[in-house]
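J.: Have a look at this one before I ask anything.
The values are calculated or read from the model by the stated rules, or taken from the named source; none is laboratory data. Quick caveat, the model's predicted, so the values are computed rather than measured. Using ideal geometry, Cβ is built from the backbone for each residue, glycine included, and neighbour counts are taken over all protein chains shown.
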Amino acid sequence: MNSETQTLLEVRNLRKYFPIRKGLFDNTAKRQVKAVDDVSFFINKGETLGLVGESGSGKTTTGRTILRAYDPTSGEILFDTGDGQFDDVAQYDRHALKHFRRQAQMIFQDPYSSLSPRMTVRDIIGEPLVANDFGSRAEMDERVRSIAEVCGLKVEHLRRYPHAFSGGQRQRIGIARALAIHPKLVVCDEPVSALDVSIQAQILNLLKRLQQDLGLTYLFIAHDLSVVEHISDRVAVMYLGKIIELAETETLFRTPKHPYTEALMSAIPVADPHIVMDPMILQGEIPDPASPPSGCAFHPRCPYAGPECETETPAWREIQPGHFVSCHYADTLELVGVSALQKG
Ligand SMILES: Nc1ncnc2c1ncn2[C@@H]1O[C@H](COP(=O)(O)OP(=O)(O)O)[C@@H](O)[C@H]1O
Ligand code: SF4
Ligand SMILES: [Mg+2]
């Protein structure tokens with residue numbers, strides 16, 4: 001445990017398997033979806049760790065398991081309770097979880113479906129305060145007003161219902177709701193994916209400002225690398241339930257070491273029209289996580305796959321200080337990043 005660098009959360013060998021039941025009366029549950037399969041990472045206080053990967057790679061399950069919306073199948077979720085002492089959230093009982101929920105909250109992708117249509121904005125934002133016995137009615141009202149204001153909402157908005165708002169404003173309500181209790185850790189699960197591009201930047205800027213003002217630590221989930229580039233200090237790339245590369249953002253974008261990361265990057269539109277990118281189209285669909293391919297799970301789609309890729313699982317290793325990857329050929333492949341092209 002690295003308490004000198006102020007780690008807030010360290011996840012070790014986290015697994016979340018979902019049983020697959022064939023029918024209503026089948027309880028054999030032999031097959032499992034390995035939605036999160038041996039994932040380890042840490043997040044420092046005040047830092048943003050981006051978590052990217054195609055849909056179905058296990059990002060949401062990772063976020064939800066860390067917050068104990070799901071019980072982990074195995075692994076540790078070590079969380080600094082305030083004085084450099086780490087608790088294993090995976091072991092928490094109901095009582096301890098209730099206290100933990102004051103410290104760790106989630107912002108959802110689709111603000112509309114996560115907001116109750118019959119509650120006023122005031123009650124929506126105040127609900128986590130009520131659930132956590134925050135204080136008197138007056139103290140709650142004051143907290144709701146102040147968090148709504150810093151999230152860019154007006155006092156008169158508090159009396160209205162969510163349907164009266166645009167997508168961007170609804171996400172401001174969702175953010176205010178998550179932050180009202182002043183958590184330390186926030187899992188942002190694709191918070192801008194459902195928004196118009198013009199609104200995305202506003203919400204990302206708001207999240208950045210709130211992070212500084214409130215001293216927040218983010219796990220920021222997106223399926224698109226370009227969204228995490230500007231908000232993340234470090235980025236983890238997920239494929240079929242495993243993190244396959246993790247590095248500081250600049251390093252990852254400049255010198256990716258995993259072919260899957262390179263493929264994701266080649267799909268990012270480049271701002272400079274003089275640069276013609278050759279998008280490396282990922283062949284085929286993401287495989288079924290209930291029966292992942294042997295060896296390196298990326299091998300059926302990998303343009304660089306060699307003979308051992310089909311049979312031998314590549315080890316997770318630190319190829320440069322702070323740059324982790326699992327690919328047999330990471331030392332010799334010369335992969336193309338994005339920042340190198342964009343920033344000359
Ligand atoms: N509650 C659940 N029950 C069964 N399978 C699930 C459940 N939630 C997610 N999965 C499966 O786990 C895998 C990872 O899903 P998810 O974490 O939602 O991925 P992502 O957020 O990266 O799109 C998918 O195959 C998905 O179908
Ligand atoms: S281990 Fe082989 S299949 Fe997997 S990413 Fe590296 S080169 Fe591709
Ligand atoms: Mg998801």
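J.: Looking only at segment 83-111, which residues are in a helix (DSSP H, G or I) and within 30 Å of ASP224 (Cα to Cα)?
T.: Listed by number, the residues that qualify are VAL89, ALA90, PHE100, PRO111.
J.: Check GLN202, GLN171, GLN105 and return the single one that is away from ligand 2 (no atom under 16 Å from the Cβ), crowded, with 19+ Cβ neighbours inside 10 Å and over 24 Å from THR81 (Cα atoms).
T.: Step by step, each of GLN202, GLN171, GLN105 is checked, and only GLN171 is away from ligand 2 (no atom under 16 Å from the Cβ), crowded, with 19+ Cβ neighbours inside 10 Å and over 24 Å from THR81 (Cα atoms).
Yes/no matrix, rows are residues, columns are (1) away from ligand 3 (no atom under 16 Å from the Cβ); (2) modelled with pLDDT of 95 or more:
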site	(1), (2)
LYS30	yes, no
ASP71	yes, yes
SER74	yes, yes
LEU78	yes, yes
THR81	yes, no
LYS98	yes, no
ASP110	no, no
ARG143	yes, yes
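J.: State which residue is nearest to PHE100 (Cα to Cα) when the search covers only segment 50-82 and only residues that are assigned to a loop (DSSP other than H, G, I, E, B) and among the acidic types (Asp, Glu).
T.: Step by step, filter segment 50-82, then rank; the result is ASP71.
J.: Would you confirm whether or not segment 191-199 contains a residue that is of a type in the set (A, V, I, L, M, F, W, C), surrounded by 16 or more Cβ atoms within 10 Å (Cβ to Cβ), within 16 Å of ligand 3 (Cβ to nearest atom) and under 16 Å from the mean Cα position of the chain (by Cα)?
T.: Yes, segment 191-199 contains a residue that is of a type in the set (A, V, I, L, M, F, W, C), surrounded by 16 or more Cβ atoms within 10 Å (Cβ to Cβ), within 16 Å of ligand 3 (Cβ to nearest atom) and under 16 Å from the mean Cα position of the chain (by Cα).
J.: Further, regarding this structure: Within the group GLY46, GLY82, GLY56, GLY63, which residue is away from ligand 2 (no atom under 16 Å from the Cβ) and in contact with a Ser or Thr (Cβ under 8 Å, 6 or more places away or on another chain)?
T.: GLY46
J.: Of the residues that make up segment 232-254, is at least one away from ligand 1 (no atom under 16 Å from the Cβ), modelled with pLDDT under 95 and either hydroxyl-bearing (Ser, Thr, Tyr) or assigned to a strand (DSSP E or B) (or both)?
T.: Taking every residue of segment 232-254 in turn, none turns out to be away from ligand 1 (no atom under 16 Å from the Cβ), modelled with pLDDT under 95 and either hydroxyl-bearing (Ser, Thr, Tyr) or assigned to a strand (DSSP E or B) (or both).
J.: Please state which one of PHE86, PHE79 is away from ligand 1 (no atom under 16 Å from the Cβ), of a type in the set (Phe, Trp, Tyr) and in contact with a helix residue (DSSP H, G or I) (Cβ under 7 Å, 6 or more places away or on another chain).
T.: PHE79
J.: Being away from ligand 1 (no atom under 16 Å from the Cβ), outside any helix (DSSP H, G or I) and of a type outside the set (D, E, K, R) is the requirement here; does LEU158 meet it?
T.: no
J.: Could you grab me the full set of residues in segment 57-75 that are under 20 Å from PHE220 (Cα atoms) and either surrounded by fewer than 19 Cβ atoms within 10 Å (Cβ to Cβ) or of a type in the set (A, V, I, L, M, F, W, C) (or both)?
T.: ARG64, ILE66, LEU67, ARG68, ALA69, TYR70 - these are the residues of segment 57-75 that are under 20 Å from PHE220 (Cα atoms) and either surrounded by fewer than 19 Cβ atoms within 10 Å (Cβ to Cβ) or of a type in the set (A, V, I, L, M, F, W, C) (or both).
J.: Here's something else I'd like to know. Listed residues CYS309, CYS302, CYS327; which is over 21 Å from ALA267 (Cα atoms), away from ligand 3 (no atom under 16 Å from the Cβ) and of a type outside the set (A, V, I, L, M)?
T.: CYS309
J.: Output the number of the condition that PRO289 fails; it satisfies all remaining conditions of (1) modelled with pLDDT under 95; (2) more than 16 Å from ligand 3 (Cβ to nearest atom); (3) surrounded by 16 or more Cβ atoms within 10 Å (Cβ to Cβ); (4) under 25 Å from the mean Cα position of the chain (by Cα).
T.: The one condition PRO289 does not meet is (2).
J.: Continuing with the same structure: Which residues, taken from segment 213-245, are under 30 Å from ALA176 (Cα atoms), within 16 Å of ligand 2 (Cβ to nearest atom) and touching a His at 6+ places or on another chain (Cβ under 9 Å)?
T.: Matches in segment 213-245: VAL237 only.
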